[in-house]
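Coordinate-derived values only; no laboratory data. Here the structure is a predicted model, which is why all the values come from computation and not from measurement.
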Amino acid sequence: MGRESGRNDFMALNMPGLFPPKGELQANFDWIDIVGATGFIVFDGFNCPDSSGNNYVLMREAESKDVVNSANKYNIGAGNETAYFTRGTGTGSGGNPTNALDLDFNTSELQLPVILKGEAKVKIGIGADSANQVANCTITAKLRKWDGSSETEIVSVSSNTATLTANIEYSETFSLSVPLTLIKKGEQIRLTIQIATEDVDKVGLAHNPNDTATTIGGTAGVSAGNSRLVLVLPIKINI
């Protein structure tokens, strides 16, 4: 009688058994918000260059540290470098900011459709020119989907505009309210980071999954704990 009662209690929780039915997808999340019916996945952004040049990717935190090359690291416009630091040069003047950096970090192509919904988070660290201040700097994070030929913007957020003192590091965590969005099979999830300035001084975006101190000649570095580029992605789930 006790065994029968236990079975009824188990079924009352809508849990049909210890194992899912054959063919049912089991997704792994870094954590789950049961109230919001949302699963969260943490991605690192980094450069994975190939024969065509730089290739900026998003890979799950659980795997990214295992595949990053710690000996030779790469940067835009600088070739093979000794630090994870992507640097650009502002071209704005006279109160007309232009993008010093505009980078796209992509997941691999989805093999199954995914529905996004909830609060995404993006954590970034940047460094200002080591010799000159960077005038009126604005950071923008955009979440998009990419089908290989065209991109569709999902949500975008920008920081306040600020002048960065020479040789200073700066960090920002953005919150992006992601509307109900279907990412189809074969599409990719894209994180775009833009840094706009009003002058021609260098500014750099750190993207080191190992989160160690990052420096590069001519541009200030960022300290350990501030060099990862992180995307926390909300996935709608059925509970």
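Pairs of lysine in the range 126-239 with Cα under 20 Å and at least 8 positions apart or on different chains: total?
Lysine pair count for the range 126-239: 7.
In order along the range 116-124, the phi-based Karplus estimate (6.51 cos²θ - 1.76 cosθ + 1.60, θ = phi - 60°) of 3J(HN,Hα) comes to 8, 5, x, 9, 7, 10, 10, 10, 9 Hz; Gly and Pro are listed as x.
Between the amide H of CYS48 and those of ASN55, TYR56, VAL57, distances stay under 5 Å, these residues lying 5 or more places away or on another chain, with hydrogens modeled in the peptide plane. Taking amide hydrogens as placed 1.01 Å from N in the peptide plane, the amide H of GLN133 sits under 5 Å from those of ALA166, each at least 5 positions away in sequence or on another chain.
Remark on ASN208: its backbone amide H falls under 5 Å from those of ARG228, LEU229, a criterion applied only to residues 5 or more positions apart or on other chains, H modelled at 1.01 Å from N. Computed from phi, the 3J(HN,Hα) profile of the range 135-148 under the Karplus parametrisation 6.51, -1.76, 1.60 (θ = phi - 60°) reads 7, 6, 8, 10, 10, 10, 10, 10, 9, 9, 10, 10, 9, x Hz, with x in place of Gly and Pro. Cα centroids of the range 148-175 and the range 94-129: 8 Å apart.
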